[in-house]
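*Asks:* Just passing along the structure, written as C-alpha cells.
Taken together, the values in this text are just the output of simple stated rules run on the coordinates, not laboratory data. None of these values were measured; they are calculated from a predicted model. Neighbour counts are summed over all protein chains in view; Cβ atoms, including those assigned to glycine, are modelled from backbone coordinates with ideal geometry.
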Amino acid sequence: MSDRMYPSTTRELARQRRDLAPAAQAAFDAFGKAVFADGALPAKVKQIIAVAVAHVTQCPYCIKGHTKAAQRAGATPQELMEAVWVAAEIRAGGAYAHSVLMLDTLNAEPGGH
C-alpha cells in the first residue's frame, strides 16, 4: 500500500487507461492539443489559466502537469502565483455570492428576517 494519497502517474497506468478506452483516450488527447494550441490566446496564457483552474478543481495531477507546461511556455513563478491568487479570490467570491441563496431562503421561510 502506498503512503501517498495520490499515486504517481506511470507509463504503465497511462497504458492501462489507453488500453481500456483507446478511442476516448485518443479523442481526449486531440481535444487537449486543440485547446492548448496558440489561438486568440497564446499557449502561455492558456497554461497559466489551466494552473489557476487546476487549483480551483483541486486536481494535483493538473496542478503539476500544467505548472510544468506553463514553465515550458515561458510563464514565470510570479505569473503563476498571481494566477493562483486570482483563482483563490474567485473561489471565495463564489461562496460569498451564493450567500444570496441562503439569505433568500431565510427570508422566504416562516421566521426568516
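*Asks:* R0 = 35 Å: FRET efficiency of ALA97 with VAL35, Cβ-based, nearest 0.05?
*Replies:* 0.80
*Asks:* To the nearest 500 deg cm²/dmol, what mean residue ellipticity at 222 nm is calculated for the chain from DSSP H runs of n ≥ 4 alone, each contributing -39,500 (n - 2.57), summed and divided by the residues?
*Replies:* Here the helix-only value at 222 nm equals -24000 deg cm²/dmol.
*Asks:* Could I ask something else about it? Straight-line reach from LYS68: which aspartates and glutamates have a Cα under 19 Å away, not including same-chain ones fewer than 8 places off?
*Replies:* The qualifying aspartates and glutamates are ASP29, ASP38, GLU79, GLU82.
*Asks:* Moving on. How large is ³J(HN,Hα), in whole Hz, for each residue of segment 93-99 in order, when computed from phi with the Karplus curve 6.51 cos²θ - 1.76 cosθ + 1.60 and θ = phi - 60°, using x for Gly and Pro?
*Replies:* With the stated coefficients, segment 93-99 comes to x, x, 5, 5, 4, 6, 4 Hz.
*Asks:* How high is the FRET efficiency between TYR61 and ALA23 when r is their beta carbon distance and R₀ equals 25 Å, given to the nearest 0.05?
*Replies:* The calculated FRET efficiency here is 0.70.
*Asks:* Continuing with this model, one more query. What FRET efficiency comes out for ILE90 versus ALA14 if R0 is 30 angstrom and r is the Cβ-Cβ distance? Round to the nearest 0.05.
*Replies:* 0.45
*Asks:* How far is helix 22-36 tilted, in degrees, relative to the longest principal axis of the Cα atoms in the chain, given as a value from 0 to 90 rounded to the nearest 10?
*Replies:* 70 degrees
*Asks:* Using Cα-only point scatterers and the Debye equation, what is log10 of I(q)/I(0) for the chain at each q in 0.10, 0.13, 0.14, 0.22 Å⁻¹, rounded to two decimals?
*Replies:* Values, matching the q order: -0.48, -0.70, -0.77, -1.22.
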